1. Just wondering, is there one or more residues in the range 181-199 that are open to solvent by 50 Å² or more (accessible area, probe 1.4 Å), at pLDDT 95 or above and either of a type in the set (A, V, I, L, M, F, W, C) or part of a helix (DSSP H, G or I) (or both)?
2. Tell me which residues, restricted to the range 215-235, are part of a loop (DSSP other than H, G, I, E, B) and more than 17 Å from the chain's Cα centre (by Cα).
3. Please work out if Ala27 is open to solvent by 50 Å² or more (accessible area, probe 1.4 Å) and at pLDDT 95 or above.
4. What's the total number of residues in the range 226-271 that are open to solvent by less than 80 Å² (accessible area, probe 1.4 Å), at pLDDT below 90 and of a type in the set (Ser, Thr, Tyr)?
5. Out of Gly13, Gly55, Gly19, report the one residue that is within 23 Å of Pro84 (Cβ to Cβ) and either out of contact with any Gly (no Cβ under 8 Å at 6 or more places or on another chain) or β-branched (Val, Ile, Thr) (or both).
6. Which numbered condition in (1) closer than 21 Å to Gly141 by Cβ; (2) open to solvent by 10 Å² or more (accessible area, probe 1.4 Å); (3) not in a strand (DSSP E or B) is the only one that Ala65 fails?
7. Any residue that is touching a strand residue (DSSP E or B) at 6+ places or on another chain (Cβ under 7 Å), hydroxyl-bearing (Ser, Thr, Tyr) and either open to solvent by 30 Å² or more (accessible area, probe 1.4 Å) or over 24 Å from Thr149 (Cβ atoms) (or both) - is there at least one of those in the range 32-55?
8. Please give the number of the condition Thr146 fails out of (1) of a type in the set (Ser, Thr, Tyr); (2) at pLDDT 95 or above; (3) open to solvent by 70 Å² or more (accessible area, probe 1.4 Å).
Amino acid sequence: MTDTRKPVFLVIGAGAGIGGSTGARFAAGGYHTVLARRSDEAGLQRMIAEIEAAGGTASGTLLNASEDGAIEDLVERVERDIGPIEGALYNLGAQIGNRELHDTPHRTFELGWRLGCYGVFRLAHAMFPAMVERAKTGKHGTLLVTSATSAVRGNAGQHSHAAAMGGRRMLCQTLNAEYGPKGIHVAHIVVDGAVDAPDTLGKLLGDKFDAFKASKGDEGVIDPAAIAETYWNLAQQPRNCWTHEIDIRPWTDVAWWNDNPSPQINSTAANPGFAGPKT
């Protein structure tokens, strides 16, 4: 029997930045958006009201994704009570700030892994079986995963975050290999720059947030609505043209692989040189 209910786009990590903006974009595109976030019921309801005021439909819930069974129960409730999950965004971060190794307790390192890597596994484990069945006769499923520079570059003080994000990236690759042929599109998005997100970077910087944005200059901070548009386009790609990984940054930033070049090959240095030893 065909499910005639509105398709659902599920957002885990629906803050007032990437998650909320992406939820609003998919609601505008015809999905019922389900927003899940850890705290701030008032902020959650405000995002729902904004989606509804724009003509879309949405609902939401508070969710502690690190709790056993929380993600699985949410997927089951949505499928049963709201509609088929045709797309989802895993947008939870695992950033605990810069910590030296001796200042990173075991439980803190593990929490980064639980939120950064294990949560993606749990969402896929709970959500993919129904997506696979629907893909046999209908539209393919989509899992979008927000990631970070630490997924591809580990820096000092980022032991927990880099391990979690690196695991997230490799997990997305294995999910692609297994489930792409079964009709599920997994896209891993490396956000390689600062995002104008009050619930994440804003809380991290506090009263320095506005000064930081001003220091980045015109269009030097990523607009979460622009990321949401990129996510929407990824979810609309046909199966013969799927993007499995993409990196996003402002035009003013250099890419992660070249943001700390050796003076020997840095063309902006006082005395630029060439790669390799001098002869």
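The values are calculated or read from the model by the stated rules, or taken from the named source; none is laboratory data. Just so we're clear, the structure is a prediction, and the values are computed from it rather than from any experiment. As a convention, Cβ positions derive from the backbone with ideal geometry for all residues, glycine included, and neighbour counts pool all protein chains shown. Surface accessibility is based on the protein's heavy atoms, side chains included, excluding ligands, DNA and RNA. Shrake-Rupley method; radii C 1.70, N 1.55, O 1.52, S 1.80 Å.
1. yes
2. Passing the criteria: Gly217, Asp218, Glu219, Gly220.
3. no
4. Matching residues across the range 226-271 total 2.
5. Result: Gly55 is the single residue among Gly13, Gly55, Gly19 that is within 23 Å of Pro84 (Cβ to Cβ) and either out of contact with any Gly (no Cβ under 8 Å at 6 or more places or on another chain) or β-branched (Val, Ile, Thr) (or both).
6. All conditions pass for Ala65, except number (2).
7. Within the range 32-55, one or more residues are touching a strand residue (DSSP E or B) at 6+ places or on another chain (Cβ under 7 Å), hydroxyl-bearing (Ser, Thr, Tyr) and either open to solvent by 30 Å² or more (accessible area, probe 1.4 Å) or over 24 Å from Thr149 (Cβ atoms) (or both).
8. (3)
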